Amino acid sequence: MAESLLSIGLEVATLHVLGIIAACHAIMNTRTSQGAVAWAVALVSVPYLTLIPYLFLGRSRFAGYVDEHRFNSARARARTEADVNQSQLTVAARRDAATEPALRRFLALDRLMGRRFLAGNQVGLLENGRETFDAIFEAIDQARRYVLVQFFIVRDDSLGRELHRRLLARAAAGVKVHFLYDGIGSHALARRYVESLRAGGVQIHAFSVRRVSNRFQLNFRNHRKIVVVDGQVAFVGGHNVGEDYLGGNPRLSPWRDTHIRLAGPIVAQIQRTFSEDWYWVTQTLPELAMPEEAPGDMTCLAIASGPADHQETGSLFMTQAIQAARRRIWLTSPYFVPDSAVQSALRLAVLRGVDVRVLLPCRPDHFTVYQASLFHTYEAVRAGVRIYRYQPGFLHQKVMLIDDDTVAVGSANLDNRSFRLNFELSVLTVSPEFAAQAQAMLLADFALAKEVGPGEWETVPLLPRVVMHVARLFAPVL
């Protein structure tokens, strides 16, 4: 009996020692003070509950880009190619008088990204999964030189197999096909799917933050969704590859999501983002073509963010976008777990008299994230933010409308994971005509939503309130 108690005591003591060591690691490596405090307290007090989650979720500093010299050389080469393209397309570098006032509001983004706003683009809205993948498949079928494909989730279902078939057909026709998928997001992807593509001439790789795969590392995922064909047309947005995104999951159907189709000089910035990810995985660069013409009159900037950035690009982008709003800022996201900077920006916008609206889903796909989102929803409503819950099905789109001239569409959610832990890509467009299209789309979405009332929090029972408060403690890793 005494030996048994001694053994249990030693095990508990060992766990607490490991918890203290992990807490020190969290203090030294967690990017935000809130996250460091949360992990440190939990690891010291209840290590038997938090040590294993910390292995999966704890690291919030990205140490993957260890070969900085080679990576920066690749980035410099990609940037040079984009700059050559800009000099060839003089219309792309010209700032139109009609959009100049809007561009001045976003000057900080120009500098933050180290990229110029480019004019001469054409952008089209794709408002559902079928419309999105019909457009993507049509573009792939017309590819003559190369196809770049990158998704967070790829499933071996009917949609995934349709993409598989079309990529093999292009590879067989001599088109170079480069395919990146996230190793964790697509963890269920069958090996036969990957190997059959590789055998058919498709260059396909899983994105991982380390050269050697680490199954314990769930942070730093590549959440970008990119398709580029021949350097002339690109697709960016919220859809992944799976029947879920066509409404195939009865629990979440109908699925509401948005993608955009782009042509013009902005394609160079998008494929440059892909080339940096490709270089990290393969140590090679794809041979890229530059856009040959400026087919439209829209001004755009690609916002590529990730944990390797010198600054917290995702959070700074969102904060600046909200601060730039003078009349309205409408946001849609499946998750609403904003950091303190974004929370403050939203509240200040309300105080400036800006029409601040956020559209969220009414159905959860991840319990903890949904409960944390509910907590922040009620907090925001009390501050004057108007929040709506989309009723028909699950809302997954990531769209932002600023005033009457600016729209952003991409992969980034309103949470710390997208702000700091994931690689994301959004495209900011400055065009009153495109903003009017986005406004019409969002008004239709708001018409199918129910607004959260200011007194709703008072009707929530005690136990659900406790659950929400506990869930929001995990905000640094949600």
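Regarding segment 466-477, can at least one residue be identified that is out of contact with any strand residue (DSSP E or B) (no Cβ under 8 Å at 6 or more places or on another chain), in contact (Cβ under 8 Å) with a residue 24 or more places away in the chain, more than 19 Å from residue 413 (Cβ to Cβ) and not hydrophobic (A, V, I, L, M, F, W, C)? Yes, there is a match, as at least one residue in segment 466-477 is out of contact with any strand residue (DSSP E or B) (no Cβ under 8 Å at 6 or more places or on another chain), in contact (Cβ under 8 Å) with a residue 24 or more places away in the chain, more than 19 Å from residue 413 (Cβ to Cβ) and not hydrophobic (A, V, I, L, M, F, W, C). For segment 258-300, taking the residues that are in contact with a Pro (Cβ under 8 Å, 6 or more places away or on another chain) and in a loop (DSSP other than H, G, I, E, B), the one that is surrounded by the fewest Cβ atoms within 10 Å (Cβ to Cβ) is identified as 294.
With the structure loaded, tell me whether residue 126 is in the same structural domain as residue 240 (by TED's automatic domain parsing) and modelled with pLDDT under 95 or whether it fails that test. Criteria not met by residue 126. Considering segment 244-257 alone, what residues qualify as being surrounded by fewer than 16 Cβ atoms within 10 Å (Cβ to Cβ) and among the acidic types (Asp, Glu)? Those that are surrounded by fewer than 16 Cβ atoms within 10 Å (Cβ to Cβ) and among the acidic types (Asp, Glu): none in segment 244-257. Pairs linking a residue in segment 235-259 that is free of Cβ contacts under 8 Å to residues at least 40 places away in the same chain to a residue that is outside any loop (DSSP other than H, G, I, E, B) and surrounded by 20 or more Cβ atoms within 10 Å (Cβ to Cβ), with Cβ atoms under 8 Å and 6 or more positions apart or on different chains, do not occur.
With respect to residue 219, determine if the residue is polar (S, T, N, Q) and modelled with pLDDT under 90.
Details: polar (S, T, N, Q): yes; modelled with pLDDT under 90: yes.
Yes.
Just to check your reading of the model, which residue among 414, 443, 428 is outside the structural domain of residue 224 (by TED's automatic domain parsing), of a type in the set (A, V, I, L, M, F, W, C) and exposed (fewer than 15 other Cβ atoms within 10 Å of the Cβ)?
Residue meeting the stated conditions: 443.
With respect to the conditions (1) buried (at least 21 other Cβ atoms within 10 Å of the Cβ); (2) under 20 Å from the mean Cα position of the chain (by Cα); (3) assigned to a helix (DSSP H, G or I), residue 368 falls short on a single one, namely (1). Of everything in segment 371-390 that is more than 22 Å from the chain's Cα centre (by Cα) and within 25 Å of residue 436 (Cβ to Cβ), the residue that is surrounded by the most Cβ atoms within 10 Å (Cβ to Cβ) is 385.
When residue 157 is tested against (1) buried (at least 19 other Cβ atoms within 10 Å of the Cβ); (2) within 21 Å of residue 247 (Cα to Cα); (3) not polar (S, T, N, Q), just one condition goes unmet, and that condition is (1). Checked against (1) closer than 17 Å to residue 121 by Cβ; (2) surrounded by fewer than 18 Cβ atoms within 10 Å (Cβ to Cβ); (3) touching a helix residue (DSSP H, G or I) at 6+ places or on another chain (Cβ under 9 Å); (4) of a type outside the set (Lys, Arg), residue 304 passes all but condition (2). For segment 415-436, residues that are within 18 Å of residue 324 (Cα to Cα) and touching a Lys or Arg at 6+ places or on another chain (Cβ under 8 Å) total 1. Of the residues in segment 392-399, none is basic (Lys, Arg) and part of a strand (DSSP E or B).
The values are calculated or read from the model by the stated rules, or taken from the named source; none is laboratory data. Please read these numbers as outputs of a predicted model, since none were measured by experiment. Note that we place each Cβ from the backbone using ideal geometry, even for glycine, and neighbour counts take in every protein chain shown.
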